[in-house]
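Every number here is computed from the coordinates shown, using simple stated rules; none is lab data. This structure is a prediction, so every number in the text was calculated from the model and none was measured. Note that we place each Cβ from the backbone using ideal geometry, even for glycine, and neighbour counts take in every protein chain shown.
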Amino acid sequence: MIDENKICYIFDVDGTLTEPRREINKEHKDFFLSWSENKQLFISTGSDFAKTKEQLGEEVLEKFKLIFCCMGNEARKSDASIIRKVNFMPSREVLADLEDFLEFSAFPYRTNTHFEPRSGMLNFSIVGRGATQEQRREYSDWDKSHSERTKIANFINKKYPEIEASVGGSISIDIIEKGNDKGQVINYLENMGAKKVAFVGDRCFPGGNDYGMVRELKKSKLAFEWYNVFGPNETFKLIKENKVFLEE
C-alpha cells in the first residue's frame, strides 16, 4: 500500500485543513483536489471518522489512502472500512475527577455531551460538544486567558501516569492510554515501508495532541519535515507557495 518512493503527506484536520468542526473552505477544497493528484496522502486526527467525513466531504476524503482517526486508535480506508481499532475507557476514578472539573469550572455555562467515547480514547469538554460555533469561540477565547484545558490535562497526567491527556481542537481534551497517541501513525507507516514523511498540524508542541507525531518522527529513521500552522489559511499558503514539503 505504501509507495516508498513517494512522500507520505499527513494532515491533521481541525485547525489545519479546516477551522475546528467546520467544513473545508470551498476555495481550499478546489485547490486541494487539484494539488492532491498523484500524491500519497494520509489523515491523522483526534476526531472520529463521521466528523472527519462531514468536514472534508467524500470527494476530498477519497484522495487519502488511510484516515487515522481518534488519535490513531482507529484506521480506515476512505470507503469507511476499518482496518485497525483500539478499545479504551478511563477508570471510574479518572471520570470522577473530570466530573469535578465539569462541576467547578468557572466557565459560566454548559451545553451537552461533555464525555464522548471514541475508539481508543475519551474526548472531554467543559462547554460540551453540543456547543454552537459561537459558543465554541467563546470558550476557546476564555480558555486562552485561563488555560483551563492545560491545567486539567496536567492534573490528569500527573495523577494517572498510565494514561495521557492532551489539549485538542478548540474546546476539548483527548484522553488516551499511555503511548496510544498520534505517534502510532508514524510507527504504522514506517512499518508499512514509508521512507519520507511530511506532517502538518496545529498542535505540535508538548501538551498538544499533534506532538506525538513530531516525537516519533524525530525517533524514526525517516526523512521528514513537520509544520505547525495556525489555521487552514496558513496550511494552504504553505502548499500554494510550494513551501511544503520534501522534494519528490
For Phe224, distant residues with modelled amide H under 5 Å away: Val197
Gain in length, Glu134 to Glu4, computed as 0.36 nm per residue apart minus the alpha-carbon separation, to one decimal in nm? 42.4 nm
Starting from the 7 Å offset along Cα-to-Cβ, what nm value, one decimal, do you get for the label separation of Ser91 and Glu116? 2.7 nm
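Would you work out the charge dipole size for segment 92-177 about its Cα centre, treating the Cβ of every Lys and Arg as +1 and the Cβ of every Asp and Glu as -1, and quote it to the nearest 20 debye?
For segment 92-177, the charge dipole is close to 180 debye.
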Report the gain in length on full extension from His146 to Leu238: 0.36 nm times residue separation, minus Cα-Cα distance, nm rounded to one decimal. 30.0 nm
List the residues whose amide H sits under 5 Å from the amide H of Met121, counting only those 5 or more places along or on another chain, with H placed 1.01 Å from N in the peptide plane. Phe88
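Return the calculated 222 nm mean residue ellipticity for the chain, to the nearest 500 deg cm²/dmol, obtained by summing -39500 (n - 2.57) across DSSP H runs with n ≥ 4 and dividing by the residue count.
About -11000 deg cm²/dmol.
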From the phi angles alone, apply the Karplus equation (6.51, -1.76, 1.60; θ = phi - 60°) to segment 103-119 and give each ³J(HN,Hα) in whole Hz, x where the residue is Gly or Pro. 6, 9, 4, 7, 5, x, 8, 10, 10, 7, 6, 7, 10, 10, x, 10, 4
Treat each spin label as a single point 7 Å out from the Cα along the C-beta direction, and report the Glu59 to Asn191 distance in nm. 3.6 nm
Give the angle, between 0 and 90 degrees and rounded to the nearest 10, that separates the Cα long axis of helix 49-61 from the longest principal axis of the Cα atoms of the chain. 20 degrees
Give me the number: length gained by fully extending Ser81 to Phe230, i.e. 0.36 nm times residue separation minus the C-alpha to C-alpha distance, one decimal in nm. 50.5 nm
Just name one of Ser125, Ala223, Leu102: the one whose Cα is farthest towards the positive end of the charge dipole of the chain (beta-carbon charges, Lys/Arg +1, Asp/Glu -1). Ala223
If packing is taken as the mean number of other Cβ atoms within 10 Å per residue, what is the order of 213-219, 59-65, highest first? 213-219, 59-65
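Between Glu27 and Phe107, how high is the FRET efficiency from 1/(1 + (r/R0)^6) when r is the Cβ-Cβ distance and R₀ = 25 Å? Nearest 0.05.
E(calc), rounded to 0.05, equals 0.15.
Roughly what % antiparallel, to the nearest 5, for the DSSP beta bridges in segment 1-78?
Details: 3 of 12 bridges.
Once the DSSP bridges in segment 1-78 are tallied, antiparallel ones form about 25 percent.
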Rounded to 5, the percent of DSSP beta bridges in the chain classed as antiparallel: 50 percent
For segment 141-154, Karplus couplings with θ = phi - 60° (6.51, -1.76, 1.60), whole Hz, Gly/Pro x: 5, 5, 5, 4, 7, 9, 6, 4, 5, 5, 5, 5, 4, 5
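Test of understanding: ordering Lys151, Lys51, Lys6 by Cβ neighbours within 10 Å, fewest first, what list do you get?
Fewest to most other Cβ atoms nearby, the residues stand as Lys151, Lys6, Lys51.
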